[in-house]
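Chemist: Once you've had a glance at the structure underneath, I'll fire off some questions.
The values are calculated or read from the model by the stated rules, or taken from the named source; none is laboratory data. Bear in mind the structure is a predicted one, so any value in this text is a computation, not a measurement. We place every Cβ from the backbone using ideal geometry, glycine too, and count neighbours over all the protein chains shown. These area figures cover heavy atoms from the full protein model, side chains too; ligands, DNA and RNA do not enter into them. Shrake-Rupley method; radii C 1.70, N 1.55, O 1.52, S 1.80 Å.
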Amino acid sequence: MKSAANDAPLEVACPQCATPVTWSAQSTYRPFCSQRCQLLDLGAWADESHRISGESDMDEADIDTLLAQADRDAPLS
């Protein structure tokens, strides 16, 4: 990100292609430079090319094990 003088609008790099984008109301697709770059990024999230780091998802067997454990630990009424 590039910070210019106080009277100049903020300029950022497009996350997809690194083209400079002026951060203003006229930049419809900000922070992207175009609809194409916006859709490419959305597609990468949709096919899971982009991921937020963290613990891996549990599979169905893990969920069943946790539910069975919860049933055993539940107090009897």
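Chemist: Can you find, within the range 12-58, the residue that is most open to solvent (accessible area, probe 1.4 Å) among those that are among the small types (Gly, Ala, Ser) and assigned to a helix (DSSP H, G or I)? It would help to see each step written out before you state the result.
Modeler: If we filter the range 12-58 for residues that are among the small types (Gly, Ala, Ser), which is where we start, we get 13, 18, 24-25, 27, 34, 43-44, 46, 49, 53-54, 56.
Now restrict to residues that are assigned to a helix (DSSP H, G or I): 43-44, 46.
Numbers: GLY43: 33, ALA44: 19, ALA46: 82 Å².
So the residue we want is ALA46.
Chemist: Can I ask one more? Pairs under 6 Å by beta carbon, first residue under 21 Å from ASP7 (Cα atoms) in the range 17-36, partner open to solvent by less than 60 Å² (accessible area, probe 1.4 Å) and of a type in the set (Gly, Ala, Ser), six or more apart or different chains?
Modeler: VAL21/SER27
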